[in-house]
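*Asks:* Once you've had a glance at the structure underneath, I'll fire off some questions.
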Amino acid sequence: MRNIIQVEQVSQRFTTASGDFLALDRVSFAIREGETLSLIGHSGCGKSTLLNLIAGLTLPSSGGLICDQREISGPGPERAVVFQNHSLLPWLTCRENVALAVDQVFKGTMSKAEKQAWIVHNLELVQMAHALDKRPGEISGGMKQRVGIARALAMKPRVLLLDEPFGALDALTRAHLQDAVMRIQQKLNTTIVLITHDVDEAVLLSDRVLMMTNGPAATVGEILAIDLPRPRSRVALADNPHYHHLRQQILHFLYEKQIVTAQEHA
Ligand SMILES: Nc1ncnc2c1ncn2[C@@H]1O[C@H](COP(=O)(O)OP(=O)(O)OP(=O)(O)O)[C@@H](O)[C@H]1O
């Protein structure tokens, strides 16, 4: 598999009231085309900072990021982001919210009818075609996230960046959305970068899990390959000893290695 994103020696400093704060310190890794890579780490370690850099929403203090052989110097439709809080415009319908992205990306390249069909197609992908003309206030939290994912997919991104997209949802809705993302990924072969705090979610969805060290000066701790066959079923995995072994390795990193490291530095 070829690399679609390369993160090379990236550091990120923030200027705060109490002085300079080094959030990320010389982070390097590559994201392979078509893979699902999860970023996991303790709260405040720098996961969103890293995702924002890949999205091009911020620029690194040093180092560089490359997407498809081009330096990332700002946001672009080939890297679509979905945040924890859907961020749909409340006065627009689901169709109109997706249309905003489609109009922006396919201006001049799709006819009006093609755009309408493409909007419906993407809402169908996330099973939300029934709510085309509803406003965000008329649908549930899980449904809003689905529409947010449809809006991102409608941009035909090469990479889908998901910043804790299921964090605010109840366990059952979360499970349905995780299944939807896995199904869509299998269908479209989109590259996905997912921030999560949930070890089970990381193992279920990912091809690799990137475990970050605690901040400040966070960096890549370990990268774990999740070599479980696809399609994956949460029910079948519950009895799979290898699944439990992989889960255990992440827990060990987060709750034993990282705590030890933090104490060593204390
Ligand atoms: N704009 C900023 N200015 C100053 N400090 C910042 C800024 N953005 C992030 N930080 C700091 O950088 C560190 C990493 O923050 P970030 O939000 O990336 O962590 P995170 O791993 O995504 O956290 P969480 O899991 O709680 O969402 C934190 O200590 C945070 O306070």
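*Asks:* Being under 21 Å from Arg183 (Cβ atoms), at pLDDT 95 or above and part of a loop (DSSP other than H, G, I, E, B) is the filter here, so list the residues in the stretch 104-138 that pass it.
*Replies:* Leu132
*Asks:* Can you find even one residue in the stretch 110-124 that is surrounded by 20 or more Cβ atoms within 10 Å (Cβ to Cβ) and either within 30 Å of Ala217 (Cα to Cα) or of a type in the set (A, V, I, L, M) (or both)?
*Replies:* The answer is yes; a qualifying residue exists.
*Asks:* Something else now. Of the conditions (1) farther than 25 Å from Tyr255 by Cβ; (2) buried (at least 18 other Cβ atoms within 10 Å of the Cβ); (3) out of contact with any helix residue (DSSP H, G or I) (no Cβ under 9 Å at 6 or more places or on another chain); (4) not small (Gly, Ala, Ser), Lys47 fails just one. Which one is it?
*Replies:* Of (1) farther than 25 Å from Tyr255 by Cβ; (2) buried (at least 18 other Cβ atoms within 10 Å of the Cβ); (3) out of contact with any helix residue (DSSP H, G or I) (no Cβ under 9 Å at 6 or more places or on another chain); (4) not small (Gly, Ala, Ser), only one is false for Lys47: (1).
*Asks:* Further, regarding this structure: Taking Thr58 as the residue in question, decide whether it is of a type in the set (Ser, Thr, Tyr), surrounded by 19 or more Cβ atoms within 10 Å (Cβ to Cβ) and either under 30 Å from Gln12 (Cα atoms) or within 14 Å of the chain's Cα centre (by Cα) (or both).
*Replies:* Details: of a type in the set (Ser, Thr, Tyr): yes; surrounded by 19 or more Cβ atoms within 10 Å (Cβ to Cβ): no; either under 30 Å from Gln12 (Cα atoms) or within 14 Å of the chain's Cα centre (by Cα) (or both): yes.
No; evaluated as a whole, the condition is false for this residue.
*Asks:* Can you pull out the residues in the stretch 12-40 that are more than 12 Å from the ligand (Cβ to nearest atom) and not charged (D, E, K, R)?
*Replies:* Those that are more than 12 Å from the ligand (Cβ to nearest atom) and not charged (D, E, K, R): Ser28, Phe29, Ala30, Ile31, Gly34, Thr36, Leu37, Ser38.
*Asks:* Something else about it: Touching a Lys or Arg at 6+ places or on another chain (Cβ under 8 Å) and under 30 Å from Leu188 (Cα atoms): which single residue out of Leu50, Leu37, Leu22, Leu57 fits that description?
*Replies:* Of the residues listed, the single one that is touching a Lys or Arg at 6+ places or on another chain (Cβ under 8 Å) and under 30 Å from Leu188 (Cα atoms) is Leu37.
*Asks:* Restricting attention to the stretch 41-90, and to residues there that are without any contact (Cβ under 8 Å) to a residue 12 or more places away in the chain and of a type in the set (S, T, N, Q), which single residue is nearest to the ligand (Cβ to nearest atom)?
*Replies:* My answer is Asn52.
*Asks:* While we're on this one: Could you tell me how many of the residues in the stretch 171-228 are within 15 Å of the ligand (Cβ to nearest atom) and not aliphatic (A, V, I, L, M)?
*Replies:* Here the count works out to 10.
*Asks:* Cβ-Cβ distance below 8 Å, separation of 6 or more or different chains: which pairs start in the stretch 8-22 with a residue that is closer than 20 Å to Ser48 by Cβ and end on one that is assigned to a loop (DSSP other than H, G, I, E, B) and within 11 Å of the ligand (Cβ to nearest atom)?
*Replies:* Gln12/Gly46; Gln12/Thr58; Phe21/Pro216; Leu22/Pro216; Leu22/Ala217
*Asks:* Inside the stretch 196-247, can you point out the residues that are in a helix (DSSP H, G or I), of a type in the set (A, V, I, L, M) and in contact (Cβ under 8 Å) with a residue 60 or more places away in the chain?
*Replies:* Val199, Ala202, Leu205
The values are calculated or read from the model by the stated rules, or taken from the named source; none is laboratory data. All figures in this text were calculated on a predicted structure; none of them were measured in a lab. Backbone-built Cβ (ideal geometry, glycine too); neighbour counts: all protein chains shown.
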